[in-house]
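So the structure is just underneath, and the comments pick up after that.
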Amino acid sequence: MQLFPDILARRAADEPDRVAYIFLDDNGAEHTTTTYRELHEQAMAVARLLRSRCAPEDRALLVFPQCVEFIAAYFGCLYANIVAVPVNPPRRGRVQDATRAIVADCAPTAVLTTGGLLETLRPVLEPLCTARQWLAVDELSTADTAFTPAAADPDSVAFLQYTSGSTSTPKGVMVTHRNLVANEEMIRRSFGHDRHSTVVGWAPFFHDQGLIGNVLQPVYVGATCIQMSPAAFIRRPLRWLEAISNYRAHTSGGPNFAFDTCVARAAAGELPDLDLSSWQVAFNGAEPIRAQTLDRFTKTFAPLGFSAQSVFPCYGLAEATLLVSASGKGRGPRLLDADIDALADRRYVAAPVDRGRTLVGSGAVLPGEALLIVDPETGERCPPDRAGEIWVAGDHVAQGYRGLPEATAETFQARCADDPERTYLRTGDLGLVVDGELYVVGRLKDMIIIRGRNYYPHDIEHTVAGAHPALRPGSGAAFAVPGRDGDKLVVVQEIKRDADAGTGDIEGAIRAAVLQEHELAVADVVLAAPDTVQKTSSGKIMRAAARKRYLQ
């Protein structure tokens, strides 16, 4: 098995001048280009210094903006047998709660960053950790090549990938070298990648999609990746499509909200001159995938060469390194209309088109893994017409959570009553398989249960967002709280900055829409200012955080 340190070293030796990464500025202009040889040399410089100052398997915190120095630091950790811990860099001198929790949990020996960040970063992070080494990666010399990378054990921890914290405190997933290679091979096969498959990415590097998909997959297949910052995408989302067009990208994607954002921006002004005909894999994952989103995006950008067959829904999670299921290159999406009432009872009954809830398939189970739909209460496999918890097994499933043996046993070592010899990862997601296609229907922990009936919060949130033009799409949380006669429904929803409607009208529209669509009364509506409903780095609504804040 060739591990990632071997893969990068081989690329640097075989094709030293091949471009590995191109970084774009906020205007879409190139500001950094790095070859495989340059990346290897920078990583070796990092590894030399780490080996001299840290012990094997020490943790190193990686605190970077979207830049090539992060990638050099990450591979330097792999070369030196140091466990990398990517984190979200502080913004405006403020450390995010999730980052605080990660720093406290992983106890890093070293902090790697850039010279420009070091002076401002150290006073902010130093009170939170006991790191002895603070290293500016961009200031290291690459002149000295007298270094031999440490041979890696395939089952040793390559890095800690912290969960998003959408339902609980972030936990450090122990991803091994074997996990990485296994999942990258799954991505290569399902996405149809080779060395000519240019990738365009903007997802943050501390997120599994940004790191495993956009940074490591191109190295794995020997391709070139074009990177832009998440902030550049948020400010000017159509720059993303311009990069795909200009560099003739084969693969690019993001969470569902990214496609909605592009449609909204296109509707607000004139479209740039784009040719999206090269875009063969437009992957969509990391949150509930909306059929309406796929349809609107395809119709908006079809005149510019985008093909409906390029739409590529997929599903994954940090505990499985990244990818679990994928649609297949050139296949297009699969849709399923399910009866809402039956789905609330975790049953699948076909509904007439537009008369039920349209589920978007997340693709097929991939070679090299086993996937079961299991009753979360009994641990038995569900019959074909039942939704249950998605359980996964394979070489891509991580070792467990660092320092949490009980949570590891509960999540990573589940045994199905029908297959007691094998251990499975409990994903915490509810889904069903129909005609070989996986459909994800919700999060087990987020399920709202009122008067014995199940409700999926993202369905309610979708209804709320469309109830009034003053509301911001994708910026609301629905959850249950204790009431006098049992749990009751609360909705927290952001309003637009330029909203000119009265709060009474907006609240009334929300209550009426939820009652009509779900036959459910909303006990309390909280209208929030823009950007106050917390989200993860991939755009998932942090419902647990919204509920906690409401109760406080």
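Candidates Asp17, Asp105: the one that is surrounded by fewer than 24 Cβ atoms within 10 Å (Cβ to Cβ) and either outside the structural domain of Pro170 (by TED's automatic domain parsing) or assigned to a helix (DSSP H, G or I) (or both) is Asp105. Scanning region 512-531 for residues that are among the hydrophobic types (A, V, I, L, M, F, W, C) and surrounded by fewer than 17 Cβ atoms within 10 Å (Cβ to Cβ) turns up Ala512, Leu515, Ala521, Ala523, Ala529.
Residue-wise test of (1) outside the structural domain of Phe233 (by TED's automatic domain parsing); (2) within 30 Å of Glu242 (Cβ to Cβ); (3) within 22 Å of the chain's Cα centre (by Cα).
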| site | (1), (2), (3) |
| --- | --- |
| Ala9 | no, no, no |
| Tyr36 | no, yes, no |
| Phe70 | no, yes, yes |
| Tyr74 | no, yes, yes |
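The set of residues in region 184-235 that are of a type in the set (D, E, K, R) and modelled with pLDDT of 95 or more comprises Glu184, Glu185, Arg188, Arg189, Asp194, Arg195.
Listed here are the residues, each with its yes/no results for (1) at pLDDT 95 or above; (2) over 21 Å from the mean Cα position of the chain (by Cα); (3) among the charged types (D, E, K, R).
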{"residue": "Arg355", "(1), (2), (3)": "no, yes, yes"}
{"residue": "Glu377", "(1), (2), (3)": "no, yes, yes"}
{"residue": "Pro384", "(1), (2), (3)": "no, yes, no"}
{"residue": "Val392", "(1), (2), (3)": "yes, no, no"}
{"residue": "Ala398", "(1), (2), (3)": "yes, no, no"}
{"residue": "Glu406", "(1), (2), (3)": "yes, yes, yes"}
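Against the condition out of contact with any Cys (no Cβ under 9 Å at 6 or more places or on another chain) and in the same structural domain as Ala249 (by TED's automatic domain parsing), how does Asp345 come out, does it pass? Answer is no for this residue. Given the condition in a loop (DSSP other than H, G, I, E, B), of a type outside the set (A, V, I, L, M, F, W, C), over 30 Å from Asp446 (Cα atoms) and free of Cβ contacts under 8 Å to residues at least 60 places away in the same chain, answer yes or no: does some residue in region 117-140 qualify? Yes, some residue in region 117-140 is in a loop (DSSP other than H, G, I, E, B), of a type outside the set (A, V, I, L, M, F, W, C), over 30 Å from Asp446 (Cα atoms) and free of Cβ contacts under 8 Å to residues at least 60 places away in the same chain. Selection of helices (runs of 4 or more DSSP H) fully inside region 182-264 by the criterion of at least 1 residues being over 20 Å from the mean Cα position of the chain (by Cα) and surrounded by fewer than 23 Cβ atoms within 10 Å (Cβ to Cβ) returns 217-221, 238-246. Out of the residues in region 279-310 that are assigned to a loop (DSSP other than H, G, I, E, B) and of a type in the set (Gly, Ala, Ser), which is surrounded by the fewest Cβ atoms within 10 Å (Cβ to Cβ)? Filtering first and then ranking leaves Gly305.
Candidates are the residues of region 486-505 that are surrounded by fewer than 20 Cβ atoms within 10 Å (Cβ to Cβ) and among the hydrophobic types (A, V, I, L, M, F, W, C); the one that is farthest from Ile234 (Cα to Cα) is Ala501. Each residue in region 141-175 was checked for being in contact with a Ser or Thr (Cβ under 8 Å, 6 or more places away or on another chain), among the β-branched types (Val, Ile, Thr) and over 30 Å from Gly442 (Cα atoms), and 1 of them qualify.
If you go through region 20-44 and keep only what is buried (at least 20 other Cβ atoms within 10 Å of the Cβ) and among the aliphatic types (A, V, I, L, M), you end up with Ala20, Ile22, Leu24, Leu39, Ala43, Met44.
Surrounded by fewer than 24 Cβ atoms within 10 Å (Cβ to Cβ) and either touching an Asp or Glu at 6+ places or on another chain (Cβ under 8 Å) or not basic (Lys, Arg) (or both): is that true of Leu112 in this structure? Taking the combined requirement at face value, the residue does not satisfy it.
Can you spot a residue in region 311-326 that is of a type outside the set (S, T, N, Q), surrounded by fewer than 24 Cβ atoms within 10 Å (Cβ to Cβ), modelled with pLDDT of 95 or more and in contact with a Leu (Cβ under 6 Å, 6 or more places away or on another chain)? No - not one qualifying residue is present in region 311-326.
The values are calculated or read from the model by the stated rules, or taken from the named source; none is laboratory data. Predicted, not measured: the structure shown is a model, and the values here were computed from it. Ideal geometry is used to build each Cβ from the backbone, glycine not excepted, and the neighbour counts take in all protein chains shown.
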